[in-house]
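Structure first, commentary second.
Taken together, the values in this text are just the output of simple stated rules run on the coordinates, not laboratory data. Being a predicted model, the structure only gives us computed values, none of them experimental. Here the Cβ positions follow ideal geometry from the backbone for every residue, glycine too, while neighbour counts run over all protein chains shown.
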Amino acid sequence: MLNRNLRSIEEYKSVLERNPSDNYAHFKLGQVYQETEDYALAIKEFLRARELGLNNARVYLELGRTYGEM
């Protein structure tokens, strides 16, 4: 699972290098960081996704879950 998460992080970062305003990529990267228990980075990515316009309930749910794990 660790290798899969590392690959996912690399892939989402690559997407964001090409399109830094991709709110969904920020959200998905946040989920991967959450899964790897890197909660500070997860929150950063969830907040960035929200700032870029991804204002659905899932963003807030993941933020709440992540804050709860800290």
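The table that follows gives values for the structure above.
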quantity	calculated
Residue-averaged 222 nm ellipticity for the chain, from DSSP H runs of 4+ at -39500 (n - 2.57), nearest 500	-26000 deg cm²/dmol
Global geometry of the chain, whether rounded, prolate or oblate, following the gyration tensor of its Cα atoms and the 1.5 cut on a/c	oblate
Separation between Cα centres of the range 44-70 and the range 1-23, rounded to whole Å	17 Å
Under the Karplus curve 6.51 cos²θ - 1.76 cosθ + 1.60, θ = phi - 60°, whole-Hz ³J(HN,Hα) for the range 59-69, x wherever Gly or Pro sits	4, 5, 4, 5, 4, x, 4, 5, 4, x, 7
The chain: relative contact order as a whole-number percent, Cα under 8 Å and 6+ apart	28 percent
Residues in the range 7-22 that a label on N56 would reach, taking backbone N under 16 Å of a point 7 Å out along Cα→Cβ	22
Length released on extending from E11 to A40, taking residue separation times 0.36 nm less the Cα-Cα span	8.5 nm
